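Note sheet for the following structure.
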Amino acid sequence: MNKNILFCALSTLMLSLVLPLFASPKAANVLDVDWKTFLAKQDLVFDSIAANYYAGAIMGNGLLGTNFYREKSRTAYRLDVGRTDVTEGRNALPDSVYQHGSILFDEARLPIGYFQLTPKGKIRSDAMRVNLYDGITTGKIATDKGEIRFKTYVHATQNAIVFETETSGKAYYEWQFVPLEAVSPRLKAGRTDYGNDYPDHPNPPVKIEKSRIIQNLFSGKTYVVAWQESKNKNKQQIIATISYENSEQAASAVAEKTLNSAPVEASHKAWWHAYYPDGAFVTFPDKALEAFYWRQIYKFACASRPDKPIVDIQGPWAVEKTPWPCIWHNLNTQLTYSWQYAANRSELSRPLWQAFEDHLDNLHANVPDPAWTDAIAIGRSSGYDLKRRLDPALADVNQYEVGNMTWLLYYYWQYCTYNGRVGELTTKFFPLLKSSINYYFHIRYADAEGIYHLPPTASPEYTGTNPGHDVNYDLALLRWGLQTLLNVSEKYKLNDPKQADWQDFLTHLTPYPTDENGYKISATMPFATSHRHYSHLLMIYPLYTVNWEQPVHRDIITRSLNHWQSLKGALQGYSFTGSAAMYASMGDGDKAVGQLRKLLKGYIQPNTLYKESGPVFETPMAGVASLHELYLQSWGGTIRIFPALPSDWKEASFINLRAEGAFLVSAKRENGRTTFVQIISEAGGHCRVQTDAGIVEFETEPGQVITRKF
């Protein structure tokens, strides 16, 4: 196109975006959505109740969680109960009391038990439905003696589990609690890497009393499961709670107080009804993907809240047997917290940032050399206290994961920049990133030409051998970290004394190692074995420091992505969420959605959970982030609207997806073209927008609403 014609077209578009401020149509508003009707289409509906944890009805309030499904005997049903902060807690004991072993045992999440419902008579059929809008599961069990109808939920704001039944005919059932042994699920899964005689320090046996069980733990803490039953003719209600305190007396008192504060269903529903309109509204032409998306929005609110613990591998639905009883930081935590910012639900990520603040001393203590007091780090996995020291010797087995902390901070950066939290960006995020990048200053070395290199570290989960120097996982995160430190320091005039050092490091940092197949694992290790993790490709996604809008990089992006996906043996669910996002970054919506359909077909379980040798929480949440990439991409100072729709998606819309710079964006696409765009500028400032009509740039004032119909 002639440059003058293009300039006129873009100028006209810019004016058309700005001028409607004074005569705009009604602003897009998520409150206008008929949420009850819309979410009813996304409900989890089970025509029969399977004897399968991964096909159960999952519920929760960010601390307590339940899962209702049939027992393997098929003669009874179970309501699993869990509480996310109930852990071994041995790591906090002094060495004089306990010689610490593996974190995966000392800080393991503990299974608690389940309520068992045993109908009397032969079960003829059963069914249930998880109502997302109300946060309530309803169902029925038909027997040869009559029918048992049930309703169950975890109260949204009280630590109470409610299970109500109504029977007809001569139907009745028995109800009892079955405690599980308070021992690390990793041990039950057959893993023996417990270190210092873990089995020789068993937890004391559970105390079983009427309507209450008491478990005193080796750590000195106690959890109590307590419940009360009430009956009225053919109706019965069970209310249960789980308390966790520093003594048996305190735990019992808290449980009793909770049971005496009867939960009110109306307040439970009110919380859920307010939750959905508090974020973005998104629809998809592919109704399977749409249902998947909204089930994750529901599921995450079951698993966490702004004032609750970090989401670990299991969520609140702890199991008796799994190798993964802690929190993993080499991909899992990152993907779990990758989606909230675009979804306009950023506050759901607060527990992670609060944990950084609460456990900063532990992040410093994770550094292997006590002399490096200016650095922070975190190893592969930890408990809620974030204790996991890095060990350089683990480079020999590819587990010296230096980059984990910096990758976590990438999402803290999104939290701050997407919400215009300048104060938090400069006073909390910036010092953390500075400390994380300081670690690299301590381990780098320079060659004869003055080029900086990194010693052998790790490319998470790629084989079990030493990857050699200059691992791309670290180079990508280091390069992003240095660029971000410089940008924040300069933009907000922080005048940090290390600016010259950051620039020198960045300028003289070795290039990414590559070969004919694209990005290598490291300078000495090619990418030659199937690998589920995209640790060697973070510069493409999510960091975008190498991107499709840089023509010089298109060839290597294509070669790297195609080569990764061509080696299929080890690919898992998040291999498809990551590749989907990368295809979306290339504008290839057809391939992106194709990858997400593979995820749904091959990996997502009937109740939308995910498993790899046990429950693994992060992958479905990463799918949400990848779906956002189809509709809105915000990086490098540009907001891209509908950048990667599949060719057959002629209709699409969203309201209030959030973008970098604290912009709320709404848009609609009809007959294959964008027909409506609205941008709300919460913080003011420069805005650069790209649609299928072109690119425009303009200045905004705080609170300004810019609306355009095409």
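Among residues belonging to the stretch 259-298 that are touching a Phe, Trp or Tyr at 6+ places or on another chain (Cβ under 8 Å) and not in a helix (DSSP H, G or I), point out the one that is nearest to Ser346 (Cα to Cα).
The extreme case among them is Ala280.
Name the pairs: first residue in the stretch 302-315 and more than 20 Å from Leu132 (Cβ to Cβ), second residue in a loop (DSSP other than H, G, I, E, B) and aromatic (Phe, Trp, Tyr), Cβ to Cβ under 7 Å, at least 6 apart or on different chains?
Pro309/Tyr384; Ile310/Tyr384; Ile313/Trp324; Ile313/Phe617; Gln314/Phe617
Answer yes if at least one residue in the stretch 556-568 is touching a residue at least 60 places away in the same chain (Cβ under 8 Å) and assigned to a loop (DSSP other than H, G, I, E, B), and no otherwise. Can you show your working first?
Step one: filter the stretch 556-568 for residues touching a residue at least 60 places away in the same chain (Cβ under 8 Å), giving none.
Looking through the stretch 556-568, none of the residues is touching a residue at least 60 places away in the same chain (Cβ under 8 Å) and assigned to a loop (DSSP other than H, G, I, E, B).
If we scan the stretch 648-655, do we find a residue that is at pLDDT 95 or above, under 28 Å from Trp480 (Cβ atoms), in contact with a strand residue (DSSP E or B) (Cβ under 9 Å, 6 or more places away or on another chain) and charged (D, E, K, R)?
no
Filter the stretch 681-693 down to the residues that are more than 12 Å from Gly637 (Cα to Cα) and surrounded by 15 or more Cβ atoms within 10 Å (Cβ to Cβ), then identify the one that is modelled with the lowest pLDDT. Outline the logic, then answer.
To start, the set of residues in the stretch 681-693 that are more than 12 Å from Gly637 (Cα to Cα) comprises 681-684, 691-693.
Right, trim to surrounded by 15 or more Cβ atoms within 10 Å (Cβ to Cβ) and you get 681-684, 691, 693.
Working: Ser681: 98, Glu682: 97, Ala683: 97, Gly684: 97, Thr691: 96, Ala693: 90.
Only one residue fits best here, namely Ala693.
List the pairs whose first member sits in the stretch 323-342 and is closer than 15 Å to Thr577 by Cβ and part of a loop (DSSP other than H, G, I, E, B), whose second member is of a type in the set (Val, Ile, Thr) and modelled with pLDDT of 95 or more, and whose Cβ atoms are under 6 Å apart, counting only residues at least 6 apart or on separate chains?
Every condition considered, the pairs that remain are Trp339/Val624.
If you take the residues in the stretch 663-690 that are more than 29 Å from the chain's Cα centre (by Cα), assigned to a strand (DSSP E or B) and among the polar types (S, T, N, Q), which one is nearest to Gln414 (Cα to Cα)?
Among those that are more than 29 Å from the chain's Cα centre (by Cα), assigned to a strand (DSSP E or B) and among the polar types (S, T, N, Q), it is Thr674.
Hey, among the residues in the stretch 378-416 that are among the aliphatic types (A, V, I, L, M), in contact (Cβ under 8 Å) with a residue 24 or more places away in the chain and over 23 Å from Arg90 (Cβ atoms), which one's surrounded by the fewest Cβ atoms within 10 Å (Cβ to Cβ)?
Val397
When you scan the stretch 44-86, how many residues do you find that are under 18 Å from Val178 (Cα atoms), part of a strand (DSSP E or B) and in contact with a strand residue (DSSP E or B) (Cβ under 6 Å, 6 or more places away or on another chain)?
13
When you scan the stretch 131-250 for strands (runs of 3 or more DSSP E) that lie fully inside it, which ones turn up with 1 or more residues that are over 22 Å from Leu110 (Cα atoms), out of contact with any Pro (no Cβ under 9 Å at 6 or more places or on another chain) and without any contact (Cβ under 8 Å) to a residue 60 or more places away in the chain?
136-143, 146-154, 161-169, 222-232
What tally of residues in the stretch 459-496 results from selecting those that are small (Gly, Ala, Ser) and assigned to a helix (DSSP H, G or I)?
Counting residues in the stretch 459-496 that are small (Gly, Ala, Ser) and assigned to a helix (DSSP H, G or I) gives 3.
Any chance the stretch 87-108 includes a residue that's buried (at least 21 other Cβ atoms within 10 Å of the Cβ), assigned to a strand (DSSP E or B) and either touching a Ser or Thr at 6+ places or on another chain (Cβ under 7 Å) or free of Cβ contacts under 8 Å to residues at least 40 places away in the same chain (or both)?
No, the stretch 87-108 contains no residue that is buried (at least 21 other Cβ atoms within 10 Å of the Cβ), assigned to a strand (DSSP E or B) and either touching a Ser or Thr at 6+ places or on another chain (Cβ under 7 Å) or free of Cβ contacts under 8 Å to residues at least 40 places away in the same chain (or both).
The values are calculated or read from the model by the stated rules, or taken from the named source; none is laboratory data. Just so it is clear, the structure is predicted and the values come from calculations on it, not from any experiment. Note that we place each Cβ from the backbone using ideal geometry, even for glycine, and neighbour counts take in every protein chain shown.
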